[in-house]
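Trainee: Here it is, the structure in full.
The values are calculated or read from the model by the stated rules, or taken from the named source; none is laboratory data. Remember, predicted model here, so these are calculated numbers, not experimental data. Don't worry about glycine lacking a Cβ; one is built from the backbone with ideal geometry, like all the others, and counts go over all protein chains shown. Heads up: the accessible areas ignore ligands, DNA and RNA and are worked out on the full protein's heavy atoms, side chains in. Shrake-Rupley method; radii C 1.70, N 1.55, O 1.52, S 1.80 Å.
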Amino acid sequence: MTEPKPAGRRPERTTVVVATRNRREELLAYLGHHEAPVIVVDNASTDGSPEAIESMFPSVRVVRLPQNRGAEARTVGAQLAETEFIAFADDDSWWSPGALQRGEELFEDHPRLGLLAASIAVGPDDVPDPINAVLADSPLGPASTGSGPRLLGFVACAAMVRRSAFLEVGGFDPVVRFPGEEERVALDLVAAGWELAYAPDLWVHHHPSSLREPNETRQRELLRSRLLTTVMRRPWPAVGAEVRAAVAAGSRGWRALAATLPRVPAAVRRRQSVPVTVEADLARLRPQVTVTATPAPQPGAPGSFHPRLSVVMITYNRRAEALQSLERLICLPERPRVVVVDNGSSDGTAPAIRERYSGDPQVVLVASPDNLGAVGRNLAMEQVTTEFVAFCDDDTWWEPGALDLAVAALNAHPLLGVVTGRILVEPGGRDDPINAELLHSPVSGPEWLPGPALGSFLAGASVMRTAAFREVGGFNPRLWLGGEEELMAADLATAGWELCHLPEVLVHHQASTVRDPHLRRRHGLRNTLWFIWLRRPVGAAVRRTRDVLGTAPWDRTTAAGIVDALAGAGWVLRERRVLPPRVEQRFLALEDSQRHSKARQYVS
């Protein structure tokens with residue numbers, strides 16, 4: 001192990017600041033790589049890190065903090081430094097030889113340059129970190145440095161700052177701590193007139209520590225930090241949007257909200273909204289929906305697809321299941337074109353689909369930056385040009401030949417809007433309990449229907465007439481996911497479309513293990529209550545509400561669903577539109593079966 005060394009440069013212009021906690025071995029392995037004076041700020045380690053550093057690297061200044069102050073430790077180091085520039089590093093990273101000197105030259109040539117973000121090479125093989133491409137693709141235009149774009153964010157361990165600019169905006173604060181502490185600093189630097197730039201030719205080496213927290217914990221903490229930063233710097237509508245996004249994220253989001261609450265008073269005390277120019281830059285950075293598609297052959301041409309039917313699949317963080325179901329769909333003898341909507345997955349679902357089906361005109365990938373729930377189907381329908389569309393989830397797939405049977409039924413009956421198939425549970429091909437209820441539906445329908453009339457449908461097991469879908473506006477965005485079909489079914493019936501069950505149309509369902517049953521039950525309960533009061537007459541609404549709440553277990557999930565439903569009371573009453581009597585009769589007929597259903601209980 002060697003001492004940090006000047007290597008022929010002017011070390012007095014830059015100080016490397018390292019914040020650490022209980023990573024003694026990483027520190028000892030990588031401190032010797034630094035080319036500038038080093039200040040290590042120790043966040044109350046208990047593994048002997050300070051003593052080991054002082055023994056092996058006597059030129060390194062060690063600052064012992066009595067408690068863990070998270071990212072704020074870097075601010076302590078910057079305050080103690082006496083150089084013009086600060087290069088941040090973690091205990092498992094270091095700057096490449098010559099990078100700091102080149103950074104100094106860029107700062108000297110550009111007086112309003114406040115921060116440089118370097119490229120990151122990961123592991124012993126120096127694999128480029130995916131964040132490099134994100135930085136390079138910044139839509140904010142070229143920076144004054146000429147080598148990369150302007151930024152509104154950075155990764156702390158690969159950032160070099162002008163010390164005066166960093167301290168002007170207060171450095172890293174005690175509210176956000178770690179991780180995700182960079183966002184507030186970036187916003188404040190830009191608001192103060194400093195430029196942030198990506199310098200792709202500067203490199204930082206990062207060998208991720210084996211002592212990092214689990215990814216789920218990190219994702220929850222990042223969400224907490226974003227919430228706190230939004231409270232401190234964004235308009236209140238943006239705060240509301242972040243809270244709603246956290247709620248939609250399930251248990252991870254609720255835990256993040258719980259961790260956020262104790263720090264909200266401190267965040268509010270530091271609240272100072274950024275200028276509209278910064279908000280405009282944030283809007284430009286917001287991810288956009290991207291569509292990856294190869295032009296399809298003309299109908300009738302060699303290799304063409306089903307001329308009258310497409311398939312729509314939505315997915316979220318189920319990469320393995322999505323790829324498996326997609327493969328089954330494109331192998332169907334009907335050869336439908338498949339539109340897949342990835343609802344902002346963080347597990348690499350969209351890149352995996354894009355890579356596997358690159359250049360394949362049968363697969364259209366719509367990558368949404370946000371989890372739209374069922375509304376992802378609305379997004380997919382923008383790509384559908386066929387007369388009929390079959391929906392499926394990422395853990396369902398259609399039996400060979402089933403789609404042609406559904407198309408034949410829809411074609412033969414112009415007022416038939418939806419066909420719902422028979423669900424086989426895999427492995428084993430067992431009948432789903434819901435099949436009996438569909439087959440023995442108490443709903444009355446016209447004699448011409450090819451199967452039992454239905455009051456509602458199951459989106460992941462249904463084929464629909466595209467015109468009917470578009471006439472009613474698709475799935476309601478407010479319902480998100482969970483029992484979202486009932487409202488759409490009522491509106492379809494009001495518009496004159498019929499729904500029926502065809503047991504010969506088979507769909508397979510192998511329930512994913514990647515799901516949050518409590519969140520699904522909560523949303524299902526909320527959406528059912530919303531539908532009741534959006535469309536049912538008052539007497540029926542009161543009776544049905546009593547039935548729903550009477551069959552739900554009295555626990556936290558049910559309580560949360562009721563609170564969610566009450567929170568939407570305002571918009572529900574504003575948009576309330578009672579069903580016409582002929583459609584209301586359908587839902588009256590369903591009440592007894594709903595009350596005693598074993599397949600549709602609000603349990604988890």
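Trainee: Taking the stretch 517-541 only, how many residues are open to solvent by 30 Å² or more (accessible area, probe 1.4 Å), in contact with a Lys or Arg (Cβ under 9 Å, 6 or more places away or on another chain) and of a type outside the set (Phe, Trp, Tyr)?
Mentor: Number satisfying all stated conditions: 1.
Trainee: Within the set of pairs 6 or more residues apart or between chains, which connect a residue that is without any contact (Cβ under 8 Å) to a residue 12 or more places away in the chain inside the stretch 44-57 to a residue that is exposed (fewer than 15 other Cβ atoms within 10 Å of the Cβ) with Cβ atoms less than 8 Å apart?
Mentor: none
Conditions tested, residue by residue: (1) of a type in the set (S, T, N, Q); (2) in a strand (DSSP E or B); (3) over 25 Å from residue 286 (Cβ atoms); (4) touching a Ser or Thr at 6+ places or on another chain (Cβ under 8 Å).
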{"residue": "146", "(1), (2), (3), (4)": "no, no, yes, no"}
{"residue": "154", "(1), (2), (3), (4)": "no, no, no, no"}
{"residue": "161", "(1), (2), (3), (4)": "no, yes, yes, no"}
{"residue": "165", "(1), (2), (3), (4)": "no, no, yes, no"}
{"residue": "172", "(1), (2), (3), (4)": "no, no, no, yes"}
{"residue": "177", "(1), (2), (3), (4)": "no, no, yes, yes"}
{"residue": "180", "(1), (2), (3), (4)": "no, no, no, yes"}
{"residue": "183", "(1), (2), (3), (4)": "no, no, no, yes"}
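Trainee: Let me ask something else. Name the residue, out of 35, 25, 105, that is open to solvent by 60 Å² or more (accessible area, probe 1.4 Å) and within 29 Å of residue 147 (Cβ to Cβ).
Mentor: Going through 35, 25, 105 in turn, just one is open to solvent by 60 Å² or more (accessible area, probe 1.4 Å) and within 29 Å of residue 147 (Cβ to Cβ): 105.
Trainee: Pairs needed: first member in the stretch 159-171, over 17 Å from residue 101 (Cβ atoms); second member anywhere, assigned to a helix (DSSP H, G or I) and among the acidic types (Asp, Glu); C-beta distance under 8 Å; at least 6 residues apart or different chains.
Mentor: Listed by first residue and then by second, the contacts come to 169/188; 170/188; 171/72.
Trainee: Does the stretch 46-74 hold any residues that are of a type in the set (S, T, N, Q) and surrounded by 20 or more Cβ atoms within 10 Å (Cβ to Cβ), and which are they?
Mentor: Once the filter is applied, which keeps residues that are of a type in the set (S, T, N, Q) and surrounded by 20 or more Cβ atoms within 10 Å (Cβ to Cβ), the stretch 46-74 yields only 49.
Yes/no per residue for (1) in contact with a Ser or Thr (Cβ under 9 Å, 6 or more places away or on another chain); (2) farther than 15 Å from residue 461 by Cα; (3) at pLDDT 95 or above:
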| position | (1), (2), (3) |
| --- | --- |
| 334 | no, yes, yes |
| 349 | yes, yes, no |
| 376 | yes, yes, no |
| 398 | no, no, yes |
| 404 | no, no, yes |
| 407 | no, no, yes |
| 415 | no, yes, yes |
| 435 | no, no, yes |
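Trainee: Here's another thing I want to ask about it. Out of 301, 283, 246, 241, report the one residue that is open to solvent by less than 30 Å² (accessible area, probe 1.4 Å) and free of Cβ contacts under 8 Å to residues at least 24 places away in the same chain.
Mentor: Numbers: 301 fails: open to solvent by less than 30 Å² (accessible area, probe 1.4 Å); 283 fails: open to solvent by less than 30 Å² (accessible area, probe 1.4 Å); 241 fails: open to solvent by less than 30 Å² (accessible area, probe 1.4 Å).
None of the others qualify; the one that does is 246.
Trainee: Sticking with this structure for a sec: Out of all the residues in the stretch 285-305, is one or more at pLDDT 95 or above and out of contact with any strand residue (DSSP E or B) (no Cβ under 6 Å at 6 or more places or on another chain)?
Mentor: Within the stretch 285-305, none of the residues are at pLDDT 95 or above and out of contact with any strand residue (DSSP E or B) (no Cβ under 6 Å at 6 or more places or on another chain).
Trainee: Can you report the number of residues in the stretch 304-334 which are closer than 25 Å to residue 516 by Cβ and small (Gly, Ala, Ser)?
Mentor: Count: 3.
Trainee: Criterion first (outside any helix (DSSP H, G or I) and touching a Gly at 6+ places or on another chain (Cβ under 7 Å)) does residue 482 satisfy it?
Mentor: Answer is yes for this residue.
Trainee: Does residue 489 count as exposed (fewer than 15 other Cβ atoms within 10 Å of the Cβ), within 21 Å of residue 533 (Cα to Cα) and either at pLDDT 95 or above or charged (D, E, K, R) (or both)?
Mentor: Numbers: exposed (fewer than 15 other Cβ atoms within 10 Å of the Cβ): no; within 21 Å of residue 533 (Cα to Cα): yes; either at pLDDT 95 or above or charged (D, E, K, R) (or both): yes.
So residue 489 does not fit the description; no.
Trainee: Separate question: Somewhere in the stretch 154-161, is a residue open to solvent by 40 Å² or more (accessible area, probe 1.4 Å), more than 25 Å from residue 45 (Cα to Cα) and within 25 Å of the chain's Cα centre (by Cα)?
Mentor: Taking every residue of the stretch 154-161 in turn, none turns out to be open to solvent by 40 Å² or more (accessible area, probe 1.4 Å), more than 25 Å from residue 45 (Cα to Cα) and within 25 Å of the chain's Cα centre (by Cα).
Trainee: Quick one: residue 547 ticks every box in (1) surrounded by fewer than 21 Cβ atoms within 10 Å (Cβ to Cβ); (2) free of Cβ contacts under 8 Å to residues at least 40 places away in the same chain; (3) farther than 26 Å from residue 396 by Cβ except a single one, so which number is it?
Mentor: With (1) surrounded by fewer than 21 Cβ atoms within 10 Å (Cβ to Cβ); (2) free of Cβ contacts under 8 Å to residues at least 40 places away in the same chain; (3) farther than 26 Å from residue 396 by Cβ applied to residue 547, the lone miss is (2).
Trainee: Does the stretch 348-362 include one or more residues that are touching a residue at least 60 places away in the same chain (Cβ under 8 Å), under 28 Å from residue 473 (Cβ atoms), of a type in the set (Ser, Thr, Tyr) and open to solvent by less than 50 Å² (accessible area, probe 1.4 Å)?
Mentor: For the stretch 348-362, residues touching a residue at least 60 places away in the same chain (Cβ under 8 Å), under 28 Å from residue 473 (Cβ atoms), of a type in the set (Ser, Thr, Tyr) and open to solvent by less than 50 Å² (accessible area, probe 1.4 Å): absent.
Trainee: Hey, can you tell me all the residues within the stretch 245-287 that are β-branched (Val, Ile, Thr) and either on the phi > 0 side of the Ramachandran plot or touching a Lys or Arg at 6+ places or on another chain (Cβ under 6 Å) (or both)?
Mentor: 260, 274
Trainee: Does any residue of the stretch 260-272 turn out to be touching a Pro at 6+ places or on another chain (Cβ under 8 Å) and either in a strand (DSSP E or B) or open to solvent by 70 Å² or more (accessible area, probe 1.4 Å) (or both)?
Mentor: Checking the stretch 260-272: not a single residue is touching a Pro at 6+ places or on another chain (Cβ under 8 Å) and either in a strand (DSSP E or B) or open to solvent by 70 Å² or more (accessible area, probe 1.4 Å) (or both).
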